[in-house]
1. Which members of region 99-128 meet the condition of being over 16 Å from the mean Cα position of the chain (by Cα), modelled with pLDDT of 95 or more and either surrounded by fewer than 20 Cβ atoms within 10 Å (Cβ to Cβ) or not aliphatic (A, V, I, L, M) (or both)?
2. Of all residues in region 52-69, how many are over 9 Å from the mean Cα position of the chain (by Cα), farther than 16 Å from residue 107 by Cα and assigned to a strand (DSSP E or B)?
3. Check whether at least one residue in region 70-87 is of a type in the set (A, V, I, L, M, F, W, C), exposed (fewer than 15 other Cβ atoms within 10 Å of the Cβ) and within 13 Å of the chain's Cα centre (by Cα), and report yes or no.
4. List pairs: first residue in region 93-116 and farther than 20 Å from residue 150 by Cα, second residue surrounded by 13 or more Cβ atoms within 10 Å (Cβ to Cβ) and hydroxyl-bearing (Ser, Thr, Tyr) anywhere in the structure, Cβ distance under 6 angstrom, at least six positions apart or on different chains.
5. In region 59-69, which residues are loosely packed, with under 13 Cβ neighbours inside 10 Å and either at pLDDT 95 or above or not charged (D, E, K, R) (or both)?
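The values are calculated or read from the model by the stated rules, or taken from the named source; none is laboratory data. Because the structure is predicted, anything quoted here is derived from the model rather than measured. Positions of Cβ are backbone-derived with ideal geometry, glycine not excepted, and every protein chain shown enters the neighbour counts.
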Amino acid sequence: MRRHTARTTVGLCAAALLAAVMGTASAAPPGAQAVKQQPAASVLVDCFWHPDVRPADFILACGDGNSRLVSLHWSQWLQDAATAEGVNVVNDCEPYCAAGRFHPYPVIVRLDHPQPWKKHPELRHYTRMTLVYTDARPDGYKQVVSYPLWN
């Protein structure tokens, strides 16, 4: 009797498992595919060739560090574009850069034009940065300035 009970129990469990699997499979419409994962957001490549997402600061003048973005607060970071508010800190280089003073200028930062990154083609990186000065701006700068970003 025990042998018959054990065999019946195993048989019932196997049938229940098969029914559960078949029920799940038949619940999906014919030809349905798994949901594709959204592509990762694009990255911002820094002066040291490191990819970054939503950085708090970013050096614009890689050679001497005389222009950088600080206190970045990102309101959007998508695959095609990113937007932040922050401060562009720029050296006035008077009388020369080593003796100059840094001045803060509030900006809105926009990143766009993502392309595959040559160093890591599986990653897309933003290739253009646009700064919009919301108040004062450095001498000689326009209110809206766009920069190509390195690849």
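1. Narrowing region 99-128 to residues over 16 Å from the mean Cα position of the chain (by Cα): 99-108, 118-119.
Then keep just the ones that are modelled with pLDDT of 95 or more; that gives 99-108.
Of everything in region 99-128, those that are over 16 Å from the mean Cα position of the chain (by Cα), modelled with pLDDT of 95 or more and either surrounded by fewer than 20 Cβ atoms within 10 Å (Cβ to Cβ) or not aliphatic (A, V, I, L, M) (or both) turn out to be 99, 100, 101, 102, 103, 104, 105, 106, 108.
2. 0
3. yes
4. 105/133; 107/133
5. 62, 63
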